[in-house]
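Asks: Below is one structure. I have some questions about it.
The values are calculated or read from the model by the stated rules, or taken from the named source; none is laboratory data. Keep in mind that what you see is a predicted model, and the values were worked out from it rather than measured. Using ideal geometry, Cβ is built from the backbone for each residue, glycine included, and neighbour counts are taken over all protein chains shown. Areas reflect the complete protein model, heavy atoms only, side chains present, ligands, DNA and RNA absent. Shrake-Rupley method; radii C 1.70, N 1.55, O 1.52, S 1.80 Å.
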Amino acid sequence: MDSATLTRTVFIDGEAGTTGLGIAQRLAAMAGVTVRSIAPERRKDPDARREIMSSVDLVVLCLPDDAAKESVALADGLGERSPKIVDASTAHRVAPGWVYGFPEMAAGHADLIRASRRVANPGCYPTGGVALIRPLVDAGLLPPDWPVAVNAVSGYSGGGKSMIAAYEARTAPDFELYGLGLEHKHLPELQKYSNLTRRPIFVPSVGDFRQGMLVSLPLHLDALPAKPKAADLQAVLERHYAGSRLVSVVPAEASGKLEPQALNGTDKLELRVYSNEKHRQAVLVARLDNLGKGASGAAVQNIGLMLGLE
């Protein structure tokens, strides 16, 4: 049988969660892949998990960090029968031996994902932040040690079961900042994959809408060593993402307004450069669905690369 016609098998460890359900839904619409499951009563049985891991091509981990590490240990113990892994948790995003699962991050990065057996799915916030910052750093417009500040707002579905329950019960505030201890778990990957040597300040927030996300990067253009114009920033982003299927650089709206939900239900990521040349200021904004390109959609993109099902 031709390898192109083979059916690949995937096990979603944690399939009942928000990200797992999104991945299963997307894979159901993908030709050439079958999702296998464990009976609900055996989902925490190590023997059952080890057995199914040894019989599939790829495992997706949609688990808390500690549980994800335990699953990787189970898979590693299978030796030659160990499957490929996409980890949607935070556990391995900056770990040695793991490839960061943002194919558009740099030239040739998709090929690294194709060749890897261990891929860490990006966080939703860093997906937007890295998408904006990395091309500017690589192009020399933003120094690696620049004091970067990133602001973001997400729908409440990104906060896990307790946050979802609070918003749906109408006991949560309409809007709030959080992570103000400046230790948000997405910071290490945001810094590393943006190629920043100085730890950025990251201020996330959540609003009373289920999904959708805006990530923004404010810049004083005259303070930057190259003293770029906003058009220079736009040109760098356009060159970097030229030909990308999912990431696009689009004109900034003249209204100066942008809402976070327009890409809900898609796996797209849009980048914009807003500016005021009179004041030499710019705000770069990434818009995405935190459950799409920020989670399940990104995982399925990586699965497709790793299994040759693009």
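Asks: From the list Ala91, Ala75, Ala95, exactly one residue is open to solvent by less than 30 Å² (accessible area, probe 1.4 Å), outside any loop (DSSP other than H, G, I, E, B) and either without any contact (Cβ under 8 Å) to a residue 40 or more places away in the chain or farther than 19 Å from Ile23 by Cα (or both). Which is it? Write out each step before concluding.
Replies: Values: Ala91 fails: outside any loop (DSSP other than H, G, I, E, B); Ala95 fails: outside any loop (DSSP other than H, G, I, E, B).
After applying the criteria, what remains is Ala75.
Asks: Taking Ile52 as meeting all but one of (1) modelled with pLDDT of 95 or more; (2) touching a helix residue (DSSP H, G or I) at 6+ places or on another chain (Cβ under 7 Å); (3) surrounded by fewer than 21 Cβ atoms within 10 Å (Cβ to Cβ), write down the number of the exception.
Replies: (2)
Asks: Filter the range 209-225 down to residues that are under 18 Å from the mean Cα position of the chain (by Cα) and under 26 Å from Pro143 (Cβ atoms), then give me how many there are.
Replies: 4
Asks: Quick one: would you say Glu253 is modelled with pLDDT under 95, out of contact with any Gly (no Cβ under 6 Å at 6 or more places or on another chain) and at negative phi?
Replies: Values: modelled with pLDDT under 95: yes; out of contact with any Gly (no Cβ under 6 Å at 6 or more places or on another chain): yes; at negative phi: yes.
Yes: the conditions hold for Glu253.
Asks: List the number of the failed condition for Val35; all other conditions in (1) surrounded by 14 or more Cβ atoms within 10 Å (Cβ to Cβ); (2) at pLDDT below 95; (3) within 21 Å of Asp267 (Cα to Cα); (4) of a type in the set (A, V, I, L, M) hold.
Replies: The number of the failed condition is (2).
Rundown of residues vs (1) open to solvent by 40 Å² or more (accessible area, probe 1.4 Å); (2) in a loop (DSSP other than H, G, I, E, B); (3) among the acidic types (Asp, Glu), yes/no style:
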{"site": "Arg245", "(1), (2), (3)": "yes, yes, no"}
{"site": "Ser248", "(1), (2), (3)": "yes, no, no"}
{"site": "Pro251", "(1), (2), (3)": "yes, yes, no"}
{"site": "Pro260", "(1), (2), (3)": "no, yes, no"}
{"site": "Asn264", "(1), (2), (3)": "yes, yes, no"}
{"site": "Ser275", "(1), (2), (3)": "yes, no, no"}
{"site": "Ala298", "(1), (2), (3)": "no, no, no"}
{"site": "Ile303", "(1), (2), (3)": "no, no, no"}
{"site": "Leu309", "(1), (2), (3)": "no, yes, no"}
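Asks: Tell me which of these Glu270 doesn't satisfy, since it passes every other one: (1) among the charged types (D, E, K, R); (2) surrounded by 22 or more Cβ atoms within 10 Å (Cβ to Cβ); (3) touching a strand residue (DSSP E or B) at 6+ places or on another chain (Cβ under 6 Å).
Replies: (2)
This table checks each residue for (1) part of a helix (DSSP H, G or I); (2) out of contact with any Leu (no Cβ under 8 Å at 6 or more places or on another chain); (3) touching a residue at least 40 places away in the same chain (Cβ under 8 Å).
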| residue | (1), (2), (3) |
| --- | --- |
| Thr9 | no, no, yes |
| Gly20 | yes, yes, yes |
| Ala31 | no, no, yes |
| Arg49 | yes, no, no |
| Val56 | no, yes, yes |
| Phe102 | no, yes, yes |
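For every residue, the table says whether it meets (1) buried (at least 18 other Cβ atoms within 10 Å of the Cβ); (2) modelled with pLDDT of 95 or more; (3) touching a Pro at 6+ places or on another chain (Cβ under 6 Å).
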| position | (1), (2), (3) |
| --- | --- |
| His220 | no, yes, no |
| His240 | yes, yes, yes |
| Lys257 | no, yes, no |
| His279 | no, yes, no |
| Gly292 | yes, yes, no |
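Asks: Among the residues of the range 115-131, are any surrounded by fewer than 20 Cβ atoms within 10 Å (Cβ to Cβ) and under 21 Å from Val247 (Cα atoms)?
Replies: no
Table: residues versus (1) without any contact (Cβ under 8 Å) to a residue 24 or more places away in the chain; (2) over 23 Å from Ala230 (Cα atoms); (3) in a loop (DSSP other than H, G, I, E, B).
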| residue | (1), (2), (3) |
| --- | --- |
| Ile133 | no, no, no |
| Pro143 | no, no, yes |
| Trp146 | no, no, yes |
| Ala152 | no, no, no |
| Ala166 | yes, yes, no |
| Arg170 | yes, yes, yes |
| Glu176 | no, yes, no |
| Glu183 | yes, yes, yes |
| Lys192 | no, yes, no |
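Residues are listed down the side, and each one gets a yes or a no for (1) over 16 Å from the mean Cα position of the chain (by Cα); (2) aliphatic (A, V, I, L, M); (3) open to solvent by 30 Å² or more (accessible area, probe 1.4 Å):
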| site | (1), (2), (3) |
| --- | --- |
| Ile164 | yes, yes, no |
| Glu168 | yes, no, yes |
| Ala172 | yes, yes, no |
| Glu183 | yes, no, yes |
| Pro188 | no, no, yes |
| Gly207 | yes, no, no |
